[in-house]
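Every number here is computed from the coordinates shown, using simple stated rules; none is lab data. Not measured: the values here are computed from a predicted model. All Cβ positions, glycine included, derive from the backbone under ideal geometry; neighbour counts span all protein chains shown.
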Number of protein chains: 2
Amino acid sequence: MKLATLDDGSRDGRLLLVSRDLAQAVDAADIAPTLQAAVDHWWSVEADLRSRYDALNRGSLAGAFDFDPDRVMAPLPRAWQWLDGSCFLSHGELMQRAFNLDPIDGVETTPLMYQGAGDDFLGARQDIPLPSEAHGIDFEGEFAVLVDEVPMGCTAEQALGHIRLVLQVNDVSLRALAPREMKTGFGFVQAKSSSSFAPVAVTPDELGDAWRDGRVHLPLKVEWNGQWFGHPHGGAMHFGFHQLIAHAALTRRLTAGTILGSGTVSNADRSVGSACIAERRAIEMIAQGAPATGFMRFGDRVRMEARHSDGSVLFGAIDQRVVQAGAPCA
Amino acid sequence: MKLATLDDGSRDGRLLLVSRDLAQAVDAADIAPTLQAAVDHWWSVEADLRSRYDALNRGSLAGAFDFDPDRVMAPLPRAWQWLDGSCFLSHGELMQRAFNLDPIDGVETTPLMYQGAGDDFLGARQDIPLPSEAHGIDFEGEFAVLVDEVPMGCTAEQALGHIRLVLQVNDVSLRALAPREMKTGFGFVQAKSSSSFAPVAVTPDELGDAWRDGRVHLPLKVEWNGQWFGHPHGGAMHFGFHQLIAHAALTRRLTAGTILGSGTVSNADRSVGSACIAERRAIEMIAQGAPATGFMRFGDRVRMEARHSDGSVLFGAIDQRVVQAGAPCA
């Protein structure tokens, strides 16, 4: 199934089913008003959603309309919990070499993960409002999963069965603010503004063979202002998403609708490029002694998309612009 | 006003108004079904809530019933955003001295803050289920504020006007897990299980003179298994809550219902004791070379309460037990 959230002016939007080819959509709010409601009651709504999804794909559904990715919010416009990993080890290794950082103990055995701010996600085509270019504006191309309620102490094996949806994310990062926050040991607050999500969230079966071992085995193609920037492969993720879930659930249960991210997709093979600017700059620093690439400027666009190996669409594309935030009013 | 959330079996409970003396309560779900709904629509519901609250305090309200703190959830059972500071500098200084840590640069000018897990708060009298005593189970007595929607770039001065409610928190912390997580720079995930909240949340005016400069100028009395543990004073908070809000809103807006915590209350005056075990252990390490006090055991109780200077009740008391979590099922 493919699910999206229509921007109807409300805070949590309205649930849509979207056809496999992303051409058509149909309202599903009579089954579950929002994606959060669908995940809260997954076992009682799944069959009805699947039945309507199948009809939509057959082209036999009255009420279907053209799907417009400009009119949707993030599939889950806000999450009770957003936990983001850093599970592509080649990324961390490059950052360490470039900045002469001490290696982080145990990254091969214990997932790196931070609590993110999940209260205000952006849609795939929404502008990213930020206060200052001096903050070092960067994109991060990632995959993520959304779970139903996970009990405390859930094992990695059990966790696979709690994955309801797979998503594609732009985890916007402000690189000039991150080093101070990492140094405190308290993790990121200011350095992670609102993340953005591809138009549709998909059930794992939509990935076919590309969903194995709790990983998305597909390349993520990233373009910056229309130029190729990278197409690193998601299969290189050191931990599977099921292991991230078990890690997060060691000392607490996770509410239904919790989203867990992979961290920026990164491969040891340099020829595939990168999914974030910071990594390209690190490669430049290692090779040439200094970064040659700057961070994003207001007006810049980033496009991110993962497709099936046959070229057919999957999540749809993130394609958005960074803009200067307006002055706040009290 | 004093607000609480009745545990009616639903995930977000049902809004109650509670009398100033915490003796009586009345249903307020017809005005706003939940505390989140009240905060989402504060300007349209505040007058009706205040009018009913005043009638409740006059004792003239049909439908009022005895308030039972055993029947309430956390005032906000889950928050879209839970950000916790560490704003009592004497606490950080003691931890640094005891563990020979490097001082954190800029703690006097930039608030220390981490993203916490706000999706599953506990009520004041609920048991705290945890998997293992070996994790170093600790309590942390704190104050917190709940805001309405805060725009990106909000100044500290503007932020004062966004504080809708003041709360009292037990930020349960697992001390054996924290050092590894701090060392990664990514902050706390496993080391911070679900936090608990005192029975009622109060509007700032309920604090009278004790609400000044964005701080709660009252001692927080902490007892562990019925024994005095400390009564450090909230007025020693180095940053006011308005400064924490401005810090968090630098690069993003904060959703209505975001809660920001002060960090464990701590004073330089040792005679007032501590609001967490880790701090007492640090004092013992500095004085005697080794900690004498152990962490919590299953079955232990912690009680935390802040009262007005005349002894009258304010938030009600947190009074809860740590218990072993049951084995999870898939």
Worksheet entry | the protein assembly as shown: antiparallel DSSP beta bridges as a percent of all, rounded to 5 | 85
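Determine the shape class of chain B: with a ≥ b ≥ c the square roots of the Cα gyration tensor eigenvalues, call it rounded for a/c under 1.5, and otherwise prolate if a/b is greater than b/c, oblate otherwise. Before the final figure, lay out the partial values.
Working: a/c = 1.62, a/b = 1.40, b/c = 1.16.
Prolate, since a/c reaches 1.5 and a/b exceeds b/c.
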Worksheet item: Each label point is 7 Å from the Cα along the Cα-to-Cβ direction; what then is the distance between the points at B:PHE99 and B:LYS183, in nm?
Response: 1.0
Worksheet item: Under a point-charge model restricted to the Cβ atoms of Lys and Arg (+1) and Asp and Glu (-1), what is the dipole moment magnitude of chain A relative to its Cα centre, in debye to the nearest 20?
Response: 480
Worksheet entry | Options B:GLY263, B:GLY118, A:ILE318, ranked by Cα towards positive dipole end of the protein assembly as shown, top entry (Cβ charges) | B:GLY263
Item to complete: Among B:SER309, B:GLY106, B:GLY299, flag the residue with its Cα farthest along the positive direction of the charge dipole of chain B, charges on Cβ as +1 for Lys/Arg and -1 for Asp/Glu.
Response: B:GLY299
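Roughly how many debye, to the nearest 20, is the charge dipole of region A:1-123 about its Cα centre, given +1 on each Lys and Arg Cβ, -1 on each Asp and Glu Cβ, and no other charges?
So the dipole magnitude of region A:1-123 works out to roughly 300 debye.
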Discussion item. Distances in nm, one decimal, shortest first, from B:GLY326 to the same residue in every other copy, taking the label point 7 angstrom along Cα→Cβ.
Written reply: 5.2
Fill in: A:ARG270-A:ARG175 FRET efficiency (beta carbon distance; Förster radius 30 Å; 0.05 resolution)
0.90
Discussion item. If the elastic network links every pair of Cα atoms under 10 Å, which of A:ASP68, A:ASP213, A:ASP105 fluctuates the most in the Gaussian network model of chain A?
Written reply: A:ASP105
Discussion item. Below 8 Å between Cα atoms, with a sequence gap of 6+, how large is the relative contact order for region B:74-324 in percent?
Written reply: 30
Fill in: Label point 7 Å beyond Cα along the C-beta direction, distances from A:GLN96 to other copies (nm, shortest first)
2.7
Item to complete: Would you calculate, for chain A, the mean residue ellipticity at 222 nm contributed by helices, counting each DSSP H stretch of 4 or more residues as -39,500 (n - 2.57) and dividing by all residues, to the nearest 500?
Response: -5500 deg cm²/dmol
Worksheet item: Distance in nm between label sites at B:ASN225 and B:ARG321, each 7 Å beyond Cα in the beta-carbon direction?
Response: 1.4
Discussion item. Given the rotation that superposes chain A on chain B, what residue of A brings its beta carbon nearest the axis, and what is the distance in Å?
Written reply: A:GLY187, 1
Worksheet item: Using a Gaussian network for chain A with springs between C-alpha atoms less than 10 Å apart, which of these wobbles most: A:ILE137, A:ILE104, A:ILE163?
Response: A:ILE104
Discussion item. 7 Å along Cα→Cβ for the label point: how many nanometres lie between A:ARG297 and each equivalent label in the other copies, listed shortest first?
Written reply: 6.7
Worksheet item: A:SER10 to B:ALA29: FRET efficiency via 1/(1 + (r/R0)^6), r the Cβ-Cβ distance, R0 25 Å, to the nearest 0.05?
Response: 0.80
Response to the item:
Of all GluC sites (Glu not before Pro) in region A:81-145, the ones in DSSP coil with at most 15 other Cβ atoms within 10 Å are A:GLU108
Item to complete: Note down the net charge around A:ASN267, summing +1 for each Lys or Arg and -1 for each Asp or Glu among other residues with Cβ under 12 Å from its Cβ.
Response: -2
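Which pairs, out of A:LYS183/B:LYS221; A:LYS192/B:LYS183; A:LYS192/B:LYS2; A:LYS192/B:LYS221, put more than 25 Å between their alpha-carbon atoms?
Over 25 Å Cα-Cα: A:LYS183/B:LYS221; A:LYS192/B:LYS2; A:LYS192/B:LYS221.
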Response to the item:
Applying the gyration tensor rule to the Cα atoms of region B:2-70 (axes a ≥ b ≥ c; rounded if a/c under 1.5, else prolate if a/b exceeds b/c, else oblate), the class is oblate
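With +1 on each Lys and Arg Cβ and -1 on each Asp and Glu Cβ, and nothing else charged, work out how big the dipole of region A:18-73 is about its Cα centre, in Debye to the nearest 20.
For this selection, approximately 160 debye.
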